[in-house]
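Take a look at the structure set out below.
The values are calculated or read from the model by the stated rules, or taken from the named source; none is laboratory data. Just so we're clear, the structure is a prediction, and the values are computed from it rather than from any experiment. Cβ: placed from backbone, ideal geometry, glycine included. Neighbour counts: every protein chain shown. Surface areas here come from the heavy atoms of the whole protein model, side chains and all, with no ligands, DNA or RNA. Shrake-Rupley method; radii C 1.70, N 1.55, O 1.52, S 1.80 Å.
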Amino acid sequence: MIKLADGDVLSLLPAHIAQDPAFAATGTAIAPFLQELAHAIPNLLVFARLGGQQPANMLPPLRRLTEARGGLKKPETALLESLAWQFHVDFREVAETDDQLAALVRNAIPWHRIKGTPASIRAALELCGYSGITIEEDGEGDFWAAYQLGLSGVTGMDDLARIVTICREMQPA
């Protein structure tokens, strides 16, 4: 079987066309570019790279290209930062490593699905290191989105100001 990643373009052509000097020269000239393109395709599998997906779980053509390239490479910091911006990752500053940032990007869509709910406020507070906070909802009528927080273990005004900022980011619009 002939593979695009092998770069043997002439073997893909019928014999009478491959023997033509113009086609042979063209095939030889474009072979390195096609080979480079075939090896670059796995880099386009951004979500597979974010989640550490293994080639065994991919469609066969993508698996062959990925294996020919030597597997999926980890996403670079610049790509992760760009994705974090594109997906509006909330609380980007809590990620200290590329793996943590990749997890925030990977979970951005599910995160935005619950944004504006008490569950999102609780998750955001826990993400920023505040646990044991209770949320009491009791809004009615025009104040349906009103809630109160039970803050145990919050000692300073800096913490309180950060909690207010987090809650404003995650509260119902």
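If only residues of segment 71-95 that are among the β-branched types (Val, Ile, Thr) and assigned to a helix (DSSP H, G or I) are counted, the one that is surrounded by the most Cβ atoms within 10 Å (Cβ to Cβ) is VAL94. Only one of the listed residues (ASP138, ASP159, ASP99, ASP142) is charged (D, E, K, R), without any contact (Cβ under 8 Å) to a residue 60 or more places away in the chain and either in contact with a Cys (Cβ under 8 Å, 6 or more places away or on another chain) or closer than 30 Å to ALA38 by Cβ (or both). That residue is ASP99.
If I filter segment 51-65 down to residues being assigned to a loop (DSSP other than H, G, I, E, B) and either surrounded by fewer than 17 Cβ atoms within 10 Å (Cβ to Cβ) or small (Gly, Ala, Ser) (or both), which single residue comes out as modelled with the highest pLDDT? Before you say what the answer is, go through the steps one by one.
We begin by selecting, within segment 51-65, every residue assigned to a loop (DSSP other than H, G, I, E, B); these are 52-54, 58-59.
Add one more test, that the residue is either surrounded by fewer than 17 Cβ atoms within 10 Å (Cβ to Cβ) or small (Gly, Ala, Ser) (or both), and what stays is 52-54, 59.
On the way: GLY52: 66, GLN53: 67, GLN54: 68, LEU59: 82.
Checked segment 51-65; the qualifying residue modelled with the highest pLDDT is LEU59.
If the requirement is being within 30 Å of PRO42 (Cβ to Cβ) and in a helix (DSSP H, G or I), which of these qualifies: ALA119, ALA68? First the steps, then the outcome.
Working: ALA119 fails: within 30 Å of PRO42 (Cβ to Cβ).
Only one candidate passes the filter, namely ALA68.
Please determine, by comparing only the residues of segment 96-116 that are part of a loop (DSSP other than H, G, I, E, B) and of a type in the set (D, E, K, R), which one is most open to solvent (accessible area, probe 1.4 Å).
GLU96
Candidates LEU149, LEU127, LEU160: the one that is closer than 30 Å to LEU45 by Cβ and not β-branched (Val, Ile, Thr) is LEU127.
Within segment 18-38, the residues that satisfy the criterion of being open to solvent by less than 70 Å² (accessible area, probe 1.4 Å), farther than 25 Å from GLY70 by Cβ and in a helix (DSSP H, G or I) are ALA18, ALA22, ALA24, ALA25, GLY27, ALA29.
Collect the residues in segment 123-145 that are surrounded by 14 or more Cβ atoms within 10 Å (Cβ to Cβ) and more than 23 Å from the chain's Cα centre (by Cα), keeping them in residue-number order. Scanning segment 123-145 gives TYR130, ILE133, ILE135.
Only a single criterion out of (1) of a type outside the set (Gly, Ala, Ser); (2) exposed (fewer than 11 other Cβ atoms within 10 Å of the Cβ); (3) part of a helix (DSSP H, G or I) is not satisfied by THR155, namely (3).
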